[in-house]
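What follows is a set of notes on a single structure, which appears directly below.
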Amino acid sequence: MTNSMTPAGELLRSEIERSGPLSLERFMQVALYHPEHGYYRRTRDPFGRGGDFFTASQLQPVFGQLIRAVLEAHTGLRTIVDVGAGRGEMFAAFQAPWNYQAVDYGEELPTGIEGVVFANELFDALPCRAYDATGQEARVTFQAGRFAWTATPVREESPGMAALMGQMASSLQRGMMLLIDYGYRAQEYPRRFPQGSLMAYRHHQAHADILAHPGEQDITAHVNFSRLIELAQAHGLRVVRDQRLSALLLEVGERALAQAAAESTGTLKTLLFGMGDSFDTLLLERP
């Protein structure tokens, strides 16, 4: 696939010409988060039918109602800080007595939170570094009119994961943290992702050419939940639930599920048997 030279692509090509091949982390920082030309910073909305993908947060009001029911079963605190909130679709589900606060990725989190820190599909979009089968870093170069790898990537790691978990955990003075994402456990990775888990999304189509069209497609990597748990525990958080999204949502009970079905049976089925079987959840508590 030949790369059309997007504005973000022009910036990346110029940087490569000046300084040599870039880390994937730098490539993703520009392609996704450049303040003007990054995929998540442009005026075009990436979510929903007119965008490139759906997240569970777009499945409203059912998703919001079920997440609220989950949280109300575990804590009496009624503040929720939605990190990486996108369009803030969760707001409608968390009306009074809840206090809903949306924080975009990269913005400073409130301090002294007494309530819930929530992040849906945030860690999978963190910039990564890529490595080949020998453990050497696979970097991004530009040749023959397109971006290309210096080596074949088979594994990725997110250097920013520890920093983000640290920020979120430090902000949580008392209460819970709920993380939802595409995930895996460390021992599963070689079997599930022999070629790595990096993936791009454009016009609701998933493909592996993550270097194409920088700034105009989403780039994701599955999240190492084993590492998330280690980081959370290092910051004094206790694991309350570590399970599939479907299992977490089923815990809300028959009454809440019946209310959700009354809103939309199709949406409920998608959350329980579609996305619910694809997403992992981590519910943490600061004792």
Quiz item: Hey, what angle do you get for helix 225-234 against the long axis of the chain, alpha-carbon based, 0 to 90 degrees rounded to 10?
Solution: 70 degrees
Practice problem: Counting other beta carbons within 10 Å of each Cβ, put THR141, THR265 in order, fewest first. | Solution: THR265, THR141
Quiz item: Between ARG191 and ALA96, what is the FRET efficiency for a Förster distance of 51 Å, r being their Cβ-Cβ separation, to the nearest 0.05?
Solution: 0.60
Quiz item: How large is Rg/Rh for region 63-128, to two decimals, with Cα atoms and a Kirkwood Rh?
Solution: 0.96
Quiz item: Once a ≥ b ≥ c are taken as the square roots of the eigenvalues of the Cα gyration tensor of region 137-287, is the result rounded (a/c under 1.5), prolate (a/b larger than b/c) or oblate (a/b not larger than b/c)?
Solution: oblate
Quiz item: Relative contact order (percent) for region 7-286, with alpha-carbon contacts under 8 angstrom and 6 or more residues of separation?
Solution: 22 percent
Quiz item: Taking a spot 7 Å from the Cα of ARG238 along the direction of its beta carbon, which residues of region 162-185 have an amide N less than 15 Å from it?
Solution: 174-177
Quiz prompt | region 168-215: radius of gyration over Cα atoms, expressed as a fraction of 2.2 N^0.38 Å | solution = 1.68
Quiz item: What order do you get for TYR39, TYR201 when you list them from fewest to most C-beta neighbours inside 10 Å?
Solution: TYR201, TYR39
Practice problem: Compute the Cα gyration tensor for region 141-182, then decide on rounded, prolate or oblate, letting a ≥ b ≥ c be the square roots of its eigenvalues: rounded whenever a/c is under 1.5, prolate when a/b is larger than b/c in the other cases, and oblate in all that remain. | Solution: prolate
Quiz item: Cα axis of helix 62-74 to longest principal axis of the chain: angle in degrees, 0 to 90, nearest 10?
Solution: 60 degrees
Exercise. Estimate the FRET efficiency between ALA163 and LYS269 by the formula 1/(1 + (r/R0)^6), using the beta-carbon distance for r and 35 Å for R0, to the nearest 0.05.
Key: 0.40
Quiz item: Over region 134-195, what is the relative contact order in whole percent, taking alpha-carbon pairs under 8 Å and six or more residues apart?
Solution: 27 percent
Self-check item: Proxy reagent accessibility, fewest Cβ within 10 Å first, across VAL239, VAL70, VAL140
Solution: VAL239, VAL70, VAL140
Self-check item: Estimated inter-spin distance, ALA208 and ALA258, nm [label 7 Å along Cα→Cβ]
Solution: 4.9 nm
Practice problem: With a ≥ b ≥ c taken as the square roots of the eigenvalues of the C-alpha gyration tensor of the chain, please select rounded if a/c is under 1.5 and otherwise prolate if a/b is larger than b/c or oblate if it is not? | Solution: prolate
Quiz item: What angle, in degrees between 0 and 90 and rounded to the nearest 10, separates the Cα long axis of helix 7-19 from the longest principal axis of the Cα atoms of the chain?
Solution: 50 degrees
Quiz prompt | Mean ellipticity per residue at 222 nm, deg cm²/dmol - from DSSP H runs of n ≥ 4 across the chain, formula -39500 (n - 2.57) | solution = -8000 deg cm²/dmol
Quiz item: What spacing in nm lies between the two simple spin-label points modelled at SER14 and THR134, each 7 Å away from Cα in the Cβ direction?
Solution: 3.4 nm
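All of the numbers you see were taken from the coordinates with simple rules; none came from a lab. This is a predicted model, so every value here is computed, not measured. Using ideal geometry, Cβ is built from the backbone for each residue, glycine included, and neighbour counts are taken over all protein chains shown.
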